[in-house]
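The values are calculated or read from the model by the stated rules, or taken from the named source; none is laboratory data. For clarity, every value in this text was computed on a predicted model and none was experimentally measured. Here Cβ is always computed from backbone atoms with ideal geometry, including for glycine, and neighbour counts include all displayed protein chains. To get the accessible areas, we keep the full protein, side chains included, count just its heavy atoms, and leave off ligands, DNA and RNA. Shrake-Rupley method; radii C 1.70, N 1.55, O 1.52, S 1.80 Å.
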Amino acid sequence: MKALMVMFDTLNRRYLPPYGAEGVHAPHFTRLAERTAVFDTCYAGSMPCMPARRELHSGRYNFLHRGWGPLEPFDDSTPQLLGENGVYTHLVTDHQHYWEDGGATYHNRFRSYEFFRGQEGDPWKGQVADPEIPESPHAMHAPAWRQDWVNRQYLTDEADHPQTRTFDAGLDFLRTNHAEDDWFLQIETFDPHEPFFSYERHKAHYPHPYDGPHFDWPDYRRVLETPDQVEHARLEYSALLSMCDASLGRVLDTMDELELWDDTMLIVCTDHGLLLGERGWWGKNIQPWYDETIHTPLFVWDPRSRVQGERRSSLVQTIDLAPTLLDWFGLTPTPDMQGRPLRETVATDAPVREAGLFGSFGGHVSVTDGRYVYMRAAASPTNGPLFEHTLMPTHMRGRFSPAELRNAELVEPFAFTKQVPVLRTPGASISNPYSFGTLLFDLETDPGQERPLVDDAVELRMAELLVDLLRASDAPASQYERLGLPATGPVTEDHLLARVQQPQVELGLRPAPRPEEFPTGPRSVHTKIADLLADPGAEQVLRAEFGGLLDGPFASVLGGLTLLHLAATVVGMLPTERLRALSDRLTALEPVHAGQN
């Protein structure tokens with residue numbers, strides 16, 4: 001028995017021809033669909049990147065208890081379980097998050113692994129002098145932005161690109177080991193995650209007139225760019241997706257050449273999608289997990305049923321992939337796994353669940369039954385209480401600070417921690433779901449999720465499904481309190497929020513204020529906040545408006561943004577009326593004279 005998983009990061013199903021995309025050059029995804037079962041109702045679960053990979057290993061949701069972090073000591077790991085049962089496991093990847101503090105326990109669960117450097121802001125090549133960086137709408141100038149431009153200097157040839165090298169290594173493994181039995185190979189590329197860096201042969205599929213600034217890395221916020229810039233970024237994404245398609249084609253060619261289809265399971269998947277200007281948003285994490293980000297493509301070839309070229313409508317999730325692999329190798333999923341093997345779903349579209357859970361730590365907690373999507377926001381503006389539960393206190397790129405751990409306490413085990421107590425520390429979220437309100441959508445009548453419903457009967461049923469999944473996941477008591485849901489007993493109409501939170505819903509659906517609506521100048525909403533704080537008059541205006549926020553933990557991030565960027569990122573903080581008043585106060589200040597600070 002052999003298995004191959006090809007995993008892309010940030011693969012938006014709406015850009016794939018098998019899911020109805022037009023104008024995207026991806027012939028090998030079409031070819032893949034002809035050889036596999038194509039899943040139409042696949043949803044991710046724990047978001048974003050590393051929480052999704054923790055699901056791939058453990059087969060269970062994790063975002064209710066923990067943010068971005070490593071595998072925990074009590075987590076089941078499917079690659080490790082396979083290895084302990086005589087299956088050779090190998091990982092080839094360019095996904096740099098595996099080598100950071102928040103991902104450092106994943107790759108070591110494989111028997112062997114290869115890593116290829118240079119994606120995104122991977123701290124790869126060392127260069128003291130600043131690289132040449134073009135002007136761009138990208139405003140989040142974190143160290144990763146600078147590092148990416150250092151890295152690009154070494155990726156001028158497509159053969160040197162980490163995606164290419166990752167697939168090279170995967171194909172080397174197949175050629176070396178195709179005649180052997182009992183192995184699992186995971187070929188995983190960070191693409192088409194931003195930045196959308198690709199090469200001319202792929203961009204040639206998307207000719208378009210464009211004379212704007214360099215733009216292949218959108219910030220996670222509402223759209224402020226012009227329509228031409230938005231279209232350009234989408235086509236840059238499409239070009240990178242075409243590069244991914246070419247890599248996929250190499251895998252399919254090799255499977256044909258080596259005659260692997262008879263005894264090798266193939267899974268092609270992703271962790272999540274991305275908003276590319278839809279709904280007036282870029283990215284993920286900040287806004288609710290709309291379909292473009294959470295409703296994912298999935299292709300499975302199972303030699304036992306040999307189903308190919310058929311669609312599957314049953315609701316499946318990322319947590320099902322670990323049990324599916326274990327089942328393929330004749331192993332039983334562990335008691336802590338919430339996912340289910342997809343053998344019969346591939347064969348006959350047999351359902352495995354009534355509803356699926358998804359979300360990110362401290363964000364909306366959402367549930368879908370395949371038709372309705374219910375995004376439950378926090379019940380209060382504090383978005384609390386919120387706690388991390390961990391024995392591995394690291395964030396994405398750093399350790400928990402002593403300040404974070406000062407109030408930590410050891411608490412009772414959860415049902416899935418194998419009788420091991422865990423450390424509980426105060427948590428924080430990237431965005432406050434209360435600002436967006438509780439959302440309910442009917443995908444049958446509103447597939448674009450453009451018209452939130454207020455329907456008490458449907459909301460009650462979906463809230464009941466949500467609470468069932470919270471209880472099945474042994475969610476911490478703090479989550480029930482944060483969401484305003486009962487830890488025990490029935491869900492009643494008193495617990496419903498969609499109608500009550502309509503003001504936030506309407507505010508969250510408003511488009512971002514347009515930059516051209518505001519005057520420019522050295523003291524304006526177009527000026528970086530750091531520059532405004534260096535101006536005594538402007539600083540006084542900002543401190544009167546924001547107080548201690550300007551000195552808090554987000555101060556370094558805020559400094560590189562403008563007030564326009566802030567309004568487009570943090571929903572509810574600077575609605576258009578408040579931003580306009582700030583603009584008026586800044587432009588009313590006395591003119592800055594030469595030599596004046």
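Below are the figures for this structure:
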{"quantity": "Degrees separating the helix 162-177 axis from the principal Cα axis of the chain, which is the longest one", "calculated": "10"}
{"quantity": "Mean projection area, nm², convex hull over Cα of segment 81-218", "calculated": "10.5"}
{"quantity": "Folded to 0 to 90 degrees: helix 49-58 orientation relative to the chain principal axis, Cα", "calculated": "30"}
{"quantity": "Beta bridges by DSSP in the chain, antiparallel share as percent, to the nearest 5", "calculated": "50"}
{"quantity": "Accessible area (Å², 1.4 Å probe, nearest 10) - Val128", "calculated": "150"}
{"quantity": "For segment 116-183, alpha-carbon Rg over 2.2 N^0.38 Å", "calculated": "1.52"}
{"quantity": "Rg/Rh (Cα only; Kirkwood hydrodynamic radius) as it applies to segment 455-597", "calculated": "1.17"}
{"quantity": "Using alpha carbons only: equivalent-ellipsoid semi-axes of segment 502-584, gyration tensor based, whole Å", "calculated": "21, 15, 11"}
{"quantity": "In degrees, nearest ten, helix 536-546 long axis to first principal axis of the chain (Cα)", "calculated": "60"}
{"quantity": "Diffusion coefficient, µm² s⁻¹, Stokes-Einstein with Kirkwood Rh over alpha-carbon pairs of the chain at 20 °C and 1.002 mPa s", "calculated": "85"}
{"quantity": "Per-q log10 I(q)/I(0), segment 369-508, q = 0.09, 0.11, 0.15 Å⁻¹ (Debye; single scatterer per alpha-carbon; no solvent)", "calculated": "-0.34, -0.50, -0.85"}
{"quantity": "Relative contact order %, the chain, counting alpha carbon pairs below 8 Å whose residues are six or more apart", "calculated": "19"}
{"quantity": "Glu259 - accessible surface, heavy atoms, 1.4 Å probe, Å² rounded to 10", "calculated": "140"}
{"quantity": "Largest-first ordering by accessible area, 1.4 Å probe, given options Phe546, Phe39", "calculated": "Phe546, Phe39"}
{"quantity": "Solvent accessible area, Å² - Lys418, 1.4 Å probe, full protein context", "calculated": "100"}
{"quantity": "For segment 310-451: span of alpha carbons on each principal axis (Å, largest first)", "calculated": "54, 45, 27"}
{"quantity": "Pairwise label distance in nanometres, Glu412 with Thr348, each label 7 Å out on the Cα-Cβ vector", "calculated": "4.2"}
{"quantity": "Prolate/oblate/rounded call for segment 1-154, Cα gyration tensor, a/c under 1.5 rounded", "calculated": "oblate"}
{"quantity": "Percentage relative contact order, segment 438-597, counting C-alpha pairs under 8 Å, at least six apart", "calculated": "21"}
{"quantity": "Gain on full stretching of the segment that runs from Asp468 to Val420 - 0.36 nm per residue minus C-alpha separation", "calculated": "14.9 nm"}
{"quantity": "Structure-based [θ]222 nm, the chain - -39500 (n - 2.57) summed over DSSP H runs of at least 4, per residue, nearest 500", "calculated": "-8500 deg cm²/dmol"}
